[in-house]
Structure formats: C-alpha cells, structure tokens
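Participant: The structure that follows is given in the form of structure tokens.
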Amino acid sequence: MRVQLGPTALGGPPRDRMSRRGFLTAGALSLGGLTLPQLLRAEAAAGITSSRKSVILIYLVGGPPHQDMFDLKPAAPKEIAGPWKPIPTSVPGIQICEAFPRLARMMDKLVIVRSLVGNQADHDAIQVFNGHNPRKAPVPSGGWPQLGSAVARVQGPADSAIPPFVSLCYTCTHGPYNEPGPGFLGPALAPFRPMGPARNDMVLQGVTTDRFGDRKTLLRSFDKVRRDIDASGAMRGMDAFSEQAFGLLTSSRLAEALDISREDPRVIARYGTGNPKIFMDDNGAPRVPQSLLMARRLIEAGVRVVTLNYSKWDWHGGQNNSIFKREAEDFPVFDQCVSALVEDLHQRGLDEDCTVVIMGEFGRTPRISAQVGRDHWPQVNCALLAGGGMPTGQVIGATDRIGGEAVARPVSFGELYATLYRNLGIDTDQTTLPDLNGRPQYLVEDSAKPLPELI
C-alpha cells in the first residue's frame, strides 16, 4: 500500500516479490531511519492516557500578511492599506478581509490574535512548531522539542493502534521551512510522517491493496526473504513491539484515516483539492486543502497532534507577481478549506476537544514596497484559532494605525503554547521533560501562562 494525499490515497501496482530492503524498511515510518517498533517502545515508556484532546497546527509557510487578512487598516494611506476592504462578520464590531466571506460568517467560532510578539526575524519554522525563539538563550543541547513530540512523550498514544503525533508536512527544498523535529527528546519521538521522506517505505511490495489485510499473505511475503534476513541477524529482537508495528501497518483505522477517497465526495468538495506535486514558488509547500481534511480524519481516528504546512506566503512582489495578485489566488482557497475544517469539527462534535491554530513565522511590513510586496516584519504577527472548548467570537490584542506594532494586549508565543498545552490537558506549571543532560525543562518560555481570554 502506498499512502498518498489526494482523493485516491490507496493503491499501487503489485510486485512479484517483496525486496529485502522493503522488509527491512516496512516499519521505518518515522524520521531518521527509526523503526516503528522503536517508536512504539518509546510511546509505551511515556505512558498512556485515555484523553482525546487534540491539536491541529497549520503552518502558513513564509509568513502571511496580517494587515491584508485579519487586521486591515482601511483608514491608513494607500501605500499601507492596500486594495482589500474589510467586511463585517457574524460578531458585531469584528471585521476581516473581504476575500474571506465564509470565515466572516463563522467568526463566532473563531479567535483572532492580532498582537503576537517576540517573532524571530528569519524564515524558520522552528518557533511556529515549538513556541521557542531559536535565538533566545539558553537552548538545551539537542534543541527544543516540537509540540507533537512533547505531547507524545507526556501523554503517549490515546489508542495503541494510532500514533500520537502525525506530521502531514511536505518537505520543502528551503530547509528552514521544515518542521524542526523532536529536539532533545530524540528520534524516538519524531512524528509519523505518511507524506515525508519515509513515504516510500510504506509500500509493502508483493502485497496488493486487496490482500493487504490478510496477515497470512503478508507473512508469506516476509518468508520470501526470511533466509536472507536471518543470515544478517536482522530477525533477532523481533518482539511484541514489532508485532504491534505490523498491526499498525494493517490497521484498518489508520489506513482508512489516511485514505480520503473514503470520505463523502460532498465533504471533499467542501474542502477543495490541490495538487500535492506543485510546491508553491518551487521552495514552499503545496497548496493542498485536502491536508486539512486528512488532519480531521486523523484526529477523529485518535491522533493527538497533527501538523501540516500549507502553501507559501512570502510575497515580496516583483514583475507580474505582486502580493495582491498572489493574495487573490490564495485567499479564496484558504477561506474555503479553513471554514470547512471548522464547520466539520463542529458538525462532528469535535470542537470541544480539538484546537486548531494557524500562523506563520512573522508578519509583513506595513508599507507596500516598490516591487508591490510586503517584506519580513517580526515586530508583530497574527494567529487564528478555533475549537478547543475556548470562548470564541473574539479578537485578542490590537496594533497601531498602520499595523506595525502591538498597542494593546501583546501576546507571546509562550502564552499561546501554554494555551495549547492546557487545551490538551497538560499543566505547564508542573510538567517538565529531562534534556540530554538530565536537567528538567519546562514546556514553555518564561513561565508563560495560558491566555486568560481563552479559559
């Protein structure tokens, strides 16, 4: 079975035999060559809870323009305001960009943070995924773990057949756009990555889709190379975790969650689809709304944290490629798929338990450049949240008249992440993780507390 992102997720041509490498790598579903049995051992050591609280983290690659999306400044000079007009939303007094009519109609289910401060100045996904500024010392040896890895370590899987942390992030050619990994927690707590570099290892050669659930057929395929494997000693050490790994490979729940062709076609159409092979501007992520649908399916199957990267938002302008042309292309697709996700969570009764957070690494310059673009602006950023049982229908914070600085209720990444951990049922005041030197490390910076507005 080859897992792909798209309406036809299951399939793959049958092969005459399963290769030796295919057997050795069938369980290598996470990063760094880590086998799935090793991952399962680590999860077992971390303990298991029955909580089904979850987070979907959506990274807008390259830094979205806050003042053209959720913090418009129509009274500012035209070189600041740009062409977009604000429209009213379902919550009196809150306005957002006219390109987001669906989101405007469900503003009562959303939270806008307009004053996210402490952003790094460079293109680097690390702060989005772990809440720590990479330039802020001290950084523990091995680096900070990202959210999903920390949750997997603290809470373990909600279901023994489902990984606690799944990454749907595509690998970008620009390295800093990629999620940072498990840090000092080590590769055992890296995410399960059906769309990452290990996706080719998820093909069990010699076993067709129809025969995949037949354990006897699977074992017969293994027997074809058993003598080779035994001679190398690779069969030694196969234990209960290996059996569980094979069970995961044949788990109907996991396979079904990754196969959106099983979804109602009307739901797929509601989200929209994109081409996962087209990386925006070559080095960004693909613009694939179906990633959001797959994230919902994985959460419904029992995954605690799902991360994904979406499109590319680094719009500096240039000949025939102004920021406003790109916004006119991306904004309607974003409006459709994000509103579909939020609507879907509410319709399925997942909105109390699943938190959605959407953000990029920084904001954009208030002044429109000569190239008709907006450049990097770490002074202030914007985030969009939904679900999690939070009091929604509100805006937190405010910026000045040009959207350049936070002037009310500045929000730190530590506060935002403390809120995510709280929604997952993790007390950041009490919970620590041992780093590579055995020192306990708190999960968030500066003893930050959850946002009181969202409790």
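Participant: For residues that are out of contact with any strand residue (DSSP E or B) (no Cβ under 8 Å at 6 or more places or on another chain) and in a loop (DSSP other than H, G, I, E, B), scanning just segment 270-283, find the one that is surrounded by the fewest Cβ atoms within 10 Å (Cβ to Cβ).
Facilitator: Once the filter is applied, the top-ranked residue is 282.
Participant: I need the strands (runs of 3 or more DSSP E) fully contained in segment 346-455, keeping only those with at least 1 residues that are under 18 Å from residue 71 (Cβ atoms) and out of contact with any His (no Cβ under 9 Å at 6 or more places or on another chain).
Facilitator: 354-359, 381-387, 394-396, 406-408
Participant: Here's something else I'd like to know. All but one of (1) of a type in the set (A, V, I, L, M, F, W, C); (2) under 20 Å from residue 390 (Cα atoms); (3) touching a residue at least 24 places away in the same chain (Cβ under 8 Å) hold for residue 104; which doesn't?
Facilitator: Just one mismatch for residue 104, condition (3).
Participant: Condition (residue is of a type in the set (A, V, I, L, M) and under 25 Å from residue 90 (Cα atoms)) applied to segment 425-444: is it met by at least one residue?
Facilitator: No.
Participant: Just a yes or no: is a residue in segment 324-332 surrounded by 19 or more Cβ atoms within 10 Å (Cβ to Cβ) and either assigned to a loop (DSSP other than H, G, I, E, B) or β-branched (Val, Ile, Thr) (or both)?
Facilitator: Within segment 324-332, none of the residues are surrounded by 19 or more Cβ atoms within 10 Å (Cβ to Cβ) and either assigned to a loop (DSSP other than H, G, I, E, B) or β-branched (Val, Ile, Thr) (or both).
Participant: Scanning segment 50-85 for residues that are surrounded by fewer than 17 Cβ atoms within 10 Å (Cβ to Cβ) and not basic (Lys, Arg), which turns out nearest to the chain's Cα centre (by Cα)?
Facilitator: Of everything passing the filter in segment 50-85, 51 is nearest to the chain's Cα centre (by Cα).
Participant: Tell me, yes or no, whether segment 408-425 has at least one residue that is over 29 Å from residue 138 (Cβ atoms) and surrounded by fewer than 22 Cβ atoms within 10 Å (Cβ to Cβ).
Facilitator: yes
Participant: Take segment 186-198 and flag every residue that is modelled with pLDDT of 90 or more and either touching a strand residue (DSSP E or B) at 6+ places or on another chain (Cβ under 7 Å) or surrounded by fewer than 20 Cβ atoms within 10 Å (Cβ to Cβ) (or both).
Facilitator: 186, 187, 191, 192, 193
Participant: Filter segment 378-407 for residues that are of a type outside the set (A, V, I, L, M), crowded, with 22+ Cβ neighbours inside 10 Å and closer than 30 Å to residue 321 by Cβ and give the result.
Facilitator: If the condition is that a residue be of a type outside the set (A, V, I, L, M), crowded, with 22+ Cβ neighbours inside 10 Å and closer than 30 Å to residue 321 by Cβ, then 381, 382, 399, 403 are the ones that fit.
Participant: Could you tell me whether residue 139 is β-branched (Val, Ile, Thr), in a helix (DSSP H, G or I) and either within 30 Å of residue 173 (Cα to Cα) or more than 19 Å from the chain's Cα centre (by Cα) (or both)?
Facilitator: No.
Participant: Quick check: is even one residue across segment 19-35 closer than 26 Å to residue 303 by Cβ, at pLDDT below 95 and loosely packed, with under 15 Cβ neighbours inside 10 Å?
Facilitator: Among the residues of segment 19-35, at least one is closer than 26 Å to residue 303 by Cβ, at pLDDT below 95 and loosely packed, with under 15 Cβ neighbours inside 10 Å, which makes the answer yes.
Participant: Testing residue 406 on (1) over 24 Å from the mean Cα position of the chain (by Cα); (2) over 20 Å from residue 128 (Cα atoms), one condition comes back false. Which one is that?
Facilitator: (2)
Participant: May I ask you to list pairs of residues, at least six apart or on different chains, whose Cβ atoms are under 7 Å apart, with the first in segment 408-427 being within 14 Å of residue 150 (Cβ to Cβ) and the second being among the hydroxyl-bearing types (Ser, Thr, Tyr) and modelled with pLDDT under 95?
Facilitator: Going by the 7 Å Cβ cut-off, the qualifying pairs are 425/51.
Participant: Right, next: Do the conditions hold for residue 365, that is, is it polar (S, T, N, Q), under 30 Å from residue 151 (Cα atoms), crowded, with 19+ Cβ neighbours inside 10 Å and in contact with a strand residue (DSSP E or B) (Cβ under 9 Å, 6 or more places away or on another chain)?
Facilitator: It is false that residue 365 is polar (S, T, N, Q), under 30 Å from residue 151 (Cα atoms), crowded, with 19+ Cβ neighbours inside 10 Å and in contact with a strand residue (DSSP E or B) (Cβ under 9 Å, 6 or more places away or on another chain).
This table checks each residue for (1) within 18 Å of the chain's Cα centre (by Cα); (2) in contact (Cβ under 8 Å) with a residue 12 or more places away in the chain; (3) farther than 14 Å from residue 168 by Cα.
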{"position": "253", "(1), (2), (3)": "no, yes, yes"}
{"position": "261", "(1), (2), (3)": "no, yes, yes"}
{"position": "270", "(1), (2), (3)": "no, yes, yes"}
{"position": "286", "(1), (2), (3)": "yes, yes, no"}
{"position": "290", "(1), (2), (3)": "yes, yes, no"}
{"position": "304", "(1), (2), (3)": "yes, yes, no"}
{"position": "341", "(1), (2), (3)": "yes, yes, yes"}
{"position": "345", "(1), (2), (3)": "yes, yes, yes"}
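The values are calculated or read from the model by the stated rules, or taken from the named source; none is laboratory data. Everything numeric in this text was worked out from a predicted model, so none of it was measured. Please note: Cβ atoms are built from the backbone with ideal geometry, for glycine as well, and neighbour counts cover all protein chains shown.
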